[in-house]
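Engineer: First the structure, which I've put down as structure tokens, then a few questions once you've had a look.
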Amino acid sequence: MHTVVIGAGVVGVTTAWALQKRGHQVTVVERLPDAALETSRGNAGQRSYGVVYPWASAAMVGKALPMLIKPDGALKMGMPPSFSALRFMFETLRFAYAPGLYGLNRRAMLRLAMHSRETFLALENELSLAFDGEHDGLLQLASTAQAMADYRATYDLLQEMGVPCRLLSVDQVREAEPGMTGAGPLHGAISYDTDGTGDCQLFTQALARACEARGVAFRFDTELVRFLADGHQVQGVELRSGQGDNAQLSADAFVLCGGCASPALLSGLGLRLPIYPVKGYSLTAPLLDPQLAPVSTVHDDNFKVVATRLGNRLRATGFVELDDFNRDIPERRLETIRKSVASRFPGAADLSNATSWTGFRPMTPDGPPIIGRGPRQNLYLNTGHGTFGWTLSTGSARLIAQVMDGEVPAMNLDAFRPGRYAE
Ligand SMILES: Cc1cc2nc3c(=O)[nH]c(=O)nc-3n(C[C@H](O)[C@H](O)[C@H](O)COP(=O)(O)OP(=O)(O)OC[C@H]3O[C@@H](n4cnc5c(N)ncnc54)[C@H](O)[C@@H]3O)c2cc1C
């Protein structure tokens, strides 16, 4: 069976890998010159299997206004807000207050994360990929007593779900992260010892090379213009090369892994995907002193900034911004990220000489990704992974491959069904 995968981000490339392992002849179509040059490029690097949760949460709505108003607050919005941003916010509110939905979605996402951890380990055992990856856990700091109380409540749910985690005192945090010598407020932390880190771009590009070695064809610099479909099936895709030449490619099945571009690519086929580009920023700098750097990855809840060690580099990431596809990188955002790192890991890295980046999380208004059959019999969707695409990629890839091969998927996919926004 010839399958075309659209998009060579981490989700598309892991999907291509899962499909070729099952005997599909796979072609990946990517508009950019290599894999992982869009959102999978500069993310926080956390494989946060214990820390996945839906975007739409009533608790977060309560905290949103102060985060929006404070200059260092993590939530930002383009002014005046666009129609798409307002629509996305209203849809988020609808899901946030739907009775029982947050709990159901959180459990479903945690199950998907646990499945992803298993599939990631299997892949790592099979291939030896260089991506500055480690399995040294993840710490979420509590900068207030209230944050620690919230972690205690989370701890109970995670215990019930079988997610390994521990509550740490201030001394235990200092022991786990000896480089954390900054004066930022600290009341303890929750530790996810089986979580990991890694450079998502390095991983995706290395996996793309492994796919190529196994016969997967990558058509880089090639844009999907539209699906060629009748009322039942997709027969092919219309492609445009970097030189502006159009061509058609036919296949038996198609998987859309287009991240934030997915809604536009699907338009005209009768299924609206309400994915919105939620912007974030990162700084990546060489370490100045490895002893002062994070051992693994640390979430500073004070500034909502994540600091991750990636080999001999430090990456610091923050902000949740609704401003459509605006790629500007304002200095004040980077200043907040630097402030956070200085308050936790002073002297670890030279952030004044860092590479800055911005990217767009492909966010659904409820939170779970979209995994399943799309609006035609042979068109499948694996997209909308929001804040957790690196974490959830390998599990999602295995699940969509199972669906495509007509198998019962390894877990219930109800929370991820593509048609849920039309119900
Ligand atoms: C600041 C920030 C921090 C993050 N931190 C983390 C983290 O720590 N852990 C985590 O798990 N996740 C994190 N994420 C989220 C994660 O990066 C994303 O969920 C993930 O990268 C999405 O992968 P994707 O393959 O769906 O999308 P993308 O990587 O955007 O890939 C989609 C691909 O489709 C291609 N494409 C689009 N249109 C076309 C077309 N017409 N024709 C051909 N190709 C096309 C694009 O060029 C792109 O390469 C973070 C995101 C941001 C922004």
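We did not get these values from a lab; they are worked out from the coordinates using the rules stated. All values reported here derive from a predicted model rather than from experimental measurement. Positions of Cβ are backbone-derived with ideal geometry, glycine not excepted, and every protein chain shown enters the neighbour counts.
Engineer: When Lys and Arg each count +1 and Asp and Glu each count -1, what net charge do the other residues less than 15 Å away from PRO375, Cβ to Cβ, add up to? Intermediate results must be reported in sequence, preceding the final value.
Structural biologist: On the way: positive: ARG226, ARG272, ARG373, ARG376, ARG417, ARG420; negative: ASP230, GLU423.
Charge balance in the 15 Å sphere: +4.
Engineer: Identify the residues of the stretch 328-368 with backbone N under 20 Å of a label point that sits 7 angstrom from the Cα of ARG417 along the Cα-to-Cβ direction, or state none.
Structural biologist: 364-368
Engineer: Could you check the simple spin-label distance between ARG174 and LEU269, using points 7 Å along Cα→Cβ, in nm with one decimal?
Structural biologist: The two pseudo-label positions are separated by 5.6 nm.
Engineer: Can you list the lysines whose alpha carbon sits under 18 Å from that of LYS279, skipping same-chain ones fewer than 8 residues off?
Structural biologist: LYS70, LYS76, LYS304
Engineer: Then there is this: With r as the distance between the Cβ atoms of ARG332 and LEU86 and R0 = 41 Å, compute the FRET efficiency 1/(1 + (r/R0)^6) and round to 0.05.
Structural biologist: My answer for the efficiency is 0.95.
Engineer: Using alpha carbons only, how many angstrom separate the centre of the stretch 143-214 from the centre of the stretch 294-361?
Structural biologist: One Cα centre to the other: 16 Å.
Engineer: Highest first, please rank the peptides 74-85, 17-28 by the mean number of other Cβ atoms sitting within 10 Å of their residues. Could you put the intermediate results ahead of the total?
Structural biologist: Numbers: 74-85: 14.4, 17-28: 20.8.
Ranking the peptides 74-85, 17-28 by packing returns 17-28, 74-85.
Engineer: Let a ≥ b ≥ c be the square roots of the eigenvalues of the Cα gyration tensor of the stretch 28-121; is it rounded (a/c under 1.5), or, if not, prolate (a/b larger than b/c) or oblate?
Structural biologist: Oblate, since a/c reaches 1.5 and b/c is not below a/b.
Engineer: Further, regarding this structure: With label points built 7 Å along Cα→Cβ from the Cα atoms of ALA145 and GLU407, find their separation and express it in nm.
Structural biologist: So the label points at ALA145 and GLU407 sit 5.2 nm apart.
Engineer: So between THR194 and HIS135, what do we pick up on full extension, going 0.36 nm a residue minus the alpha carbon distance?
Structural biologist: 20.6 nm
Engineer: Among 62-68, 86-92, 127-133, how do they line up by average Cβ neighbours within 10 Å per residue, starting with the highest?
Structural biologist: 86-92, 127-133, 62-68
Engineer: I've got another one for you. For the stretch 389-423, list residues with backbone N below 13 Å from a point placed 7 Å from the Cα of ARG94 toward its Cβ?
Structural biologist: Backbone N within reach: 420-423.
Engineer: Let me ask you something else. Taking 7 Å along the Cα-to-C-beta vector as the label spot, tell me the ALA153-GLN243 distance in nanometres, rounded to one decimal.
Structural biologist: Output for this residue pair reads 6.1 nm.
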